[in-house]
Amino acid sequence: MKNQQTVRINTECDITFFVPCYNEEDNIIPTFENILGAVKEADVSYEILVVDDSSQDNTVRVLENYIQTNPEVPVVFVKNQKNMGLGRNYVEGAYISKGKYYMLVNGDTAEPQEAITTIIKKLDQADIIVPYFGRKDTRKIGRRILSKIFTSLVNLLSGQSLRYYNGPVAHLKFNVMRWHADTDGFGYQAEILNRLLMEGASYLEVEVPNIDRGSGVTSAFSLRNLLAVSHSLVQIFLRRVRWYFFYNPK
């Protein structure tokens, strides 16, 4: 990255998987199984940082039982007393993580083992490994259309040209800590990616498969999240304007 000083961050493993949970009692264990299969295939050291965002079902009980019966799996468990939002949990998790890289894996099993493996096999090839679904997108048509609209809006407002912004991106942990977004909603990843690209971070896009969540209902379309995403889009555009007038070399 341009104009970045060398910063030493203490790390104890290759990658931390940030796993957010909200009412995922039926999905969280299959999510762990996908991660464990991927790290075995890719041969990387890891930890799983799972954050329960004040679930109202039995997610916490399922997690505590798993941790107790599988002590060999390096799981760090954080239980929020109130719902904090995905974006905020993502950033705060980076500060307690131990990995050189930091990667989201949703607790709803949306990322199959093959996708996780494909991404982590590319670590150290770029500052950011950016997945996209492309021909392997198996989501329902409505989700695909909304996703394309969001991606197009972000590219239009930012001047970038990424294929996808909301996937399980793998970042150097320091970059998440330094260039994190100011939102608790689902637009946090788009904000981080755009800031990093403006700073000259290297990136590699990789095509991966995906599936719809295992069970339950997504909170992506709640009013709270829609407002947060709108805020992120405005921030992305304003950052582009500021960059053009104040930082863009003439």
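Throughout, read-outs are computed from the coordinates displayed, never taken from laboratory work. Predicted model, so just to flag it, every value in this text is computed and none were measured. Here the Cβ positions follow ideal geometry from the backbone for every residue, glycine too, while neighbour counts run over all protein chains shown.
For the reader, a short list of remarks on this structure follows.
- Residue among Val51, Val44, Val62 that is aliphatic (A, V, I, L, M), part of a loop (DSSP other than H, G, I, E, B) and in contact with a helix residue (DSSP H, G or I) (Cβ under 7 Å, 6 or more places away or on another chain): Val44
- Residue match in the range 97-110 (condition: out of contact with any strand residue (DSSP E or B) (no Cβ under 7 Å at 6 or more places or on another chain), of a type in the set (Gly, Ala, Ser), touching a residue at least 40 places away in the same chain (Cβ under 8 Å) and assigned to a helix (DSSP H, G or I)): no
- Count of residues meeting criterion [surrounded by 16 or more Cβ atoms within 10 Å (Cβ to Cβ) and without any contact (Cβ under 8 Å) to a residue 12 or more places away in the chain] in the range 68-91: 0
- Of all residue pairs spaced 6 or more apart or on separate chains, none has beta-carbon atoms under 8 Å together with a first member in the range 130-152 that is free of Cβ contacts under 8 Å to residues at least 60 places away in the same chain and within 23 Å of Tyr101 (Cβ to Cβ) and a second member that is polar (S, T, N, Q) and outside any helix (DSSP H, G or I).
- Flag for Glu205 being touching a residue at least 12 places away in the same chain (Cβ under 8 Å), in contact with a Phe, Trp or Tyr (Cβ under 8 Å, 6 or more places away or on another chain) and charged (D, E, K, R): yes
- Index of the failed condition, Met84 passing every other in (1) touching a Phe, Trp or Tyr at 6+ places or on another chain (Cβ under 6 Å); (2) closer than 18 Å to Ala228 by Cα; (3) hydrophobic (A, V, I, L, M, F, W, C); (4) assigned to a loop (DSSP other than H, G, I, E, B): (1)
- If you filter the range 151-205 down to residues that are basic (Lys, Arg) and more than 20 Å from Lys122 (Cα to Cα), you find that the one that is surrounded by the fewest Cβ atoms within 10 Å (Cβ to Cβ) is Arg178.
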